[in-house]
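Before any comments, here is the structure.
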Amino acid sequence: MVDRSNGKVRWRAFVGDGPLGELMHHNGRLSVALDPAGASLTWPEGSRLSPAHAAALQSLCRDVLSFARSRRELALVMMSSAEIRHGNVVARRTAGDWPGRLAQALVIATDVDDRRLADTIRMLTRSQGVRTVGTPRPRHGPDVAQAERDRQDALYLDRVDLEQDVEGEVRYWLTQFSEILGRIVSL
């Protein structure tokens, strides 16, 4: 996807699973979004790319095409909770969508019959329990004015809104994915 934003090229590419992607079209096609890791390019002038634009585009395409060279590598990217950089592209991860990505990785691992990877994903899922996925409200000292307390509190969610039951959410997503696939993918 390419867009123009403030005279700059804004783009995003997706690396996804070929065999199951179409079947899972309502669930992200089992794909990972890739963004540029470096400085953004200026929007080209005229109808032709400059040599600098062409070189940058070739480099980005090379990095995107080599990001996940197999379905197993795609599953490994999905199960990661950290940002993954490859050349000039990066897969940025958010804490909130990690359980869904774990479930997607397990779907791929079981489809390619990689039992070791599937067992690793299952063990990782079960070991997480409930975790905090954001920043809780700050504790205010007695010298902070009420208006400032209200302003700061508006920026944060309650702790209960920040807790995530990883295993419960993975089970939820596996139930959804199993229904779509017509076969059970168990945790």
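The values are calculated or read from the model by the stated rules, or taken from the named source; none is laboratory data. Just so you know, these numbers come straight off a predicted model, no measurement behind them. Don't worry about glycine lacking a Cβ; one is built from the backbone with ideal geometry, like all the others, and counts go over all protein chains shown. For accessibility, only protein heavy atoms count, side chains too; no ligands or nucleic acids. Shrake-Rupley method; radii C 1.70, N 1.55, O 1.52, S 1.80 Å.
Observations, loosely collected:
- Any hit, the range 108-119, residues being under 30 Å from Val185 (Cα atoms), polar (S, T, N, Q) and buried (at least 19 other Cβ atoms within 10 Å of the Cβ): yes
- Qualifying residue in the range 17-33 (condition: open to solvent by 60 Å² or more (accessible area, probe 1.4 Å), at pLDDT below 90, more than 29 Å from Gln128 (Cα to Cα) and more than 16 Å from the chain's Cα centre (by Cα)): no
- Looking only at residues in the range 56-87 that are hydroxyl-bearing (Ser, Thr, Tyr) and within 22 Å of Gly100 (Cα to Cα), the one that is surrounded by the most Cβ atoms within 10 Å (Cβ to Cβ) is Ser80.
- Thr94 modelled with pLDDT of 95 or more, out of contact with any helix residue (DSSP H, G or I) (no Cβ under 8 Å at 6 or more places or on another chain), under 26 Å from His25 (Cα atoms) and among the hydroxyl-bearing types (Ser, Thr, Tyr): no
- Looking only at the range 34-51, and only at residues there that are in contact with a Lys or Arg (Cβ under 9 Å, 6 or more places away or on another chain) and either within 24 Å of Asp111 (Cα to Cα) or open to solvent by 60 Å² or more (accessible area, probe 1.4 Å) (or both), the one that is modelled with the lowest pLDDT: Ser40
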